[in-house]
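Worksheet: one structure, shown below.
The values are calculated or read from the model by the stated rules, or taken from the named source; none is laboratory data. The shown structure was predicted, so the numbers you read here are calculated from the model rather than taken from an experiment. When we count neighbours, we look across all protein chains shown, and the Cβ atoms used for this are built from the backbone with ideal geometry, even at glycine.
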DNA sequence: TGATGCCTTACAGATTTCTGTAAGGTTTTG
DNA sequence: CAAAACCTTACAGAAATCTGTAAGGCATCA
């Protein structure tokens, strides 16, 4: 089993519950808990400099902001920063996020090793996940599977970028100009019109407000 | 100190962390943990029928739904049901909700005794809160105060309705007509224009898409 | 190869959004 | 009480959105 584990989780009650379980159910000797992403990254640096690196990172995705200034504000950023320093570290994400699209991208983009969905069996799953990841396998919470079955319409990256820009208040003309500057094609205002209109049909939206609202609520933007 | 406490919290990790703290820091003898609201209510009933009631309820607000059918799906409903059976029970809410308006209504409407905001010091606060409530005082997390100070812009019902309609794809003309049908005043398209434009300033939005997107992300719509 | 379908783009026109101005009404305040 | 501030409403004009038509490019397929 892993001997040295870093836990990044900002909720004190959750943090304690996890540490307790890792100690008692998995007999992990050295568990370092951190409540801020920046501090977690520092721990990684320190351990590397002492040639005694962490073997596993367990992290939440969302961290509350408070009076302490932080460079890193999310679990995804934390993973990215840590991977720059220590590419081989195993990573398990423990979060309440249950959108399969987002979780999928964690595996694909961030190359995480395990995903545990917080819930009534979150700790049991965390134990399982840790075992699996230790055996060089990946793990994700079984309930996620069910959600994937609900065929979710996938947005391609191009459309997604347009929608994000719209949600950020850009006009279609501005988006067109932005794409031209970035040498991305297609980029005409007309094409953007067509693309968005097609999304109206796909998602049953009456206009841009409606579409943006729906997609944010679906967690796609 | 309280001798018999009921904990309703659906996340296993959080649940364990809280039980651990109540046992070790507060020496509470009998802690009953439940992961579903319905089961929590049953515990209350059973305890009452045996003439050995719980003295304190600690509950979350949001409970994940899963394959188990439940009548009660939220902490607020749970509190209301329990209060019907046992009006004098003390109640502490432990949740990540940090909207002071909503928390305020918990004290006013549900007559709760304490509110603890989950976070980096959630458990310390829960200990404090339990002490205070035991002394027949109320308690709420200090950071809530701060949030109130950061004048959070509150939307009045009228503006909120307009925004919801916009997010649902209605045009301003349609909203105006809808208001006229319902005999709600003001209802002119012009006033709707003005109201929304003012919200642009208040929330720093460039246009309607931007505003709707921001407010959904803030959980206001 | 030619037909077909799909995508990009331009353009046009109707509608909607957004921003002003102005008039009239109500409330607040000194 | 009167001035000031605010709200509602109408209207107007510029900009943006939405929908359709049309032309050209590219890939597929029989």
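Of all the residues in the range B:6-41, those that are crowded, with 23+ Cβ neighbours inside 10 Å, in contact (Cβ under 8 Å) with a residue 60 or more places away in the chain and more than 11 Å from every other protein chain (Cβ to nearest Cβ) number 1.
For the range A:44-56, the criterion of being under 26 Å from residue A:103 (Cα atoms) and within 12 Å of another protein chain (Cβ to nearest Cβ) is met by no residue. All told, residue A:54 meets the bar of being outside any helix (DSSP H, G or I), farther than 25 Å from residue B:118 by Cα and in contact (Cβ under 8 Å) with a residue 24 or more places away in the chain.
Looking across the range A:197-209 at every residue that is surrounded by 13 or more Cβ atoms within 10 Å (Cβ to Cβ), part of a helix (DSSP H, G or I) and more than 8 Å from DNA strand D (Cβ to nearest atom), the one that is modelled with the highest pLDDT is identified as A:199. Return yes or no: is residue A:220 within 11 Å of another protein chain (Cβ to nearest Cβ), touching a residue at least 40 places away in the same chain (Cβ under 8 Å) and under 21 Å from the mean Cα position of the chain (by Cα)? Considered against the rule, which asks whether it is within 11 Å of another protein chain (Cβ to nearest Cβ), touching a residue at least 40 places away in the same chain (Cβ under 8 Å) and under 21 Å from the mean Cα position of the chain (by Cα), residue A:220 comes out as no. Listed by position, the helices (runs of 4 or more DSSP H) enclosed by the range A:57-146 that each have at least 3 residues that are within 14 Å of chain B (Cβ to nearest Cβ) and without any contact (Cβ under 8 Å) to a residue 24 or more places away in the chain are A:122-134. Taking the criterion of being in contact (Cβ under 8 Å) with a residue 24 or more places away in the chain and either within 9 Å of DNA strand C (Cβ to nearest atom) or in contact with a helix residue (DSSP H, G or I) (Cβ under 7 Å, 6 or more places away or on another chain) (or both), the residues of the range B:197-217 that qualify are B:199, B:203, B:208, B:211, B:212, B:215, B:216.
The residues on offer are B:173, B:194, B:164, B:180, and the sole one that is within 16 Å of DNA strand C (Cβ to nearest atom), modelled with pLDDT of 90 or more, part of a helix (DSSP H, G or I) and within 22 Å of the chain's Cα centre (by Cα) is B:164. With respect to the conditions (1) at pLDDT 95 or above; (2) crowded, with 18+ Cβ neighbours inside 10 Å; (3) within 14 Å of DNA strand C (Cβ to nearest atom), residue B:133 lacks only one, and its number is (3). Residues that are modelled with pLDDT under 95 and touching a helix residue (DSSP H, G or I) at 6+ places or on another chain (Cβ under 7 Å) are absent from the range A:79-94 altogether. Is it the case, given these coordinates, that residue A:65 is loosely packed, with under 15 Cβ neighbours inside 10 Å and modelled with pLDDT under 95? In short, yes.
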